[in-house]
């Protein structure tokens with residue numbers, strides 16, 4: 001009987017220690033997103049600001065080069 005109580009006490013102590021370790025890791029920013037900085041350069045921030053970046057470039061409206069045949 002005493003072994004059952006001992007195992008219950010040990011399991012509760014381990015569970016409490018794991019919970020404290022989890023709280024410490026959250027407070028010390030251990031769960032920061034490591035994937036987001038790699039993909040941030042692919043985001044189009046101008047659309048978030050309300051600006052459009054897909055407007056045509058005035059230089060691209062120039063006449064095409066002459067056909068040399």
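All of the numbers you see were taken from the coordinates with simple rules; none came from a lab. The shown structure was predicted, so the numbers you read here are calculated from the model rather than taken from an experiment. Backbone-built Cβ (ideal geometry, glycine too); neighbour counts: all protein chains shown.
Worth a mention:
- Likely footprinting exposure, 44, 67, fewest C-beta neighbours within 10 Å first: 67, 44
- Per-residue Cβ neighbour rank within 10 angstrom, fewest leading, 40, 68: 68, 40
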